[in-house]
1. Report the Cα-based extents of the range 5-64 along its three principal axes, largest first, to the nearest Å.
2. For the chain, what's the relative contact order in percent, using C-alpha pairs closer than 8 Å and at least 6 residues apart?
3. Return, in residue-number order, each cysteine of the chain whose C-beta is not under 4.7 Å from any other cysteine's C-beta.
4. Counting only helical runs of four or more DSSP H residues, what would the 222 nm mean residue ellipticity of the chain come to if each run contributes -39,500 (n - 2.57) and the total is spread over all its residues?
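Taken together, the values in this text are just the output of simple stated rules run on the coordinates, not laboratory data. What you see is a predicted model; the values in this text were computed from it and never measured. With ideal geometry, Cβ positions are generated from the backbone for all residues, glycine too; neighbour counts draw on all protein chains shown.
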Amino acid sequence: MAAQVDLEKCTMCGGYSQPLCVEACPDSAIRVQDGRIVVTEFICEDCNECGCVCPDEAIEVPLEKVTF
């Protein structure tokens, strides 16, 4: 299971050029599509980098899946 984004909590926070989670993802598994955050499940390696930088606490990776 890939990172899960709670779209109700997500405020599309600002990084330098994109939301922080998009910038932090080492696998480029997160992108903005149609004004919301989308995770490409087969690319996501469950590292939780996105969850660690999310100021809204809108991203969660099930603990048993975290790979770091």
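1. Rounded to whole Å, the extents work out to 27, 20, 19 Å.
2. On the way: 115 pairs, mean separation 29.1, N = 68.
Across the chain, relative contact order equals 43 percent.
3. When partners are defined as cysteine Cβ atoms under 4.7 Å apart, the chain leaves 10, 13, 25, 44, 47, 52, 54 without one.
4. On the way: 2 runs with 10 residues, N = 68.
The helix contribution divided over the chain gives -3000 deg cm²/dmol.
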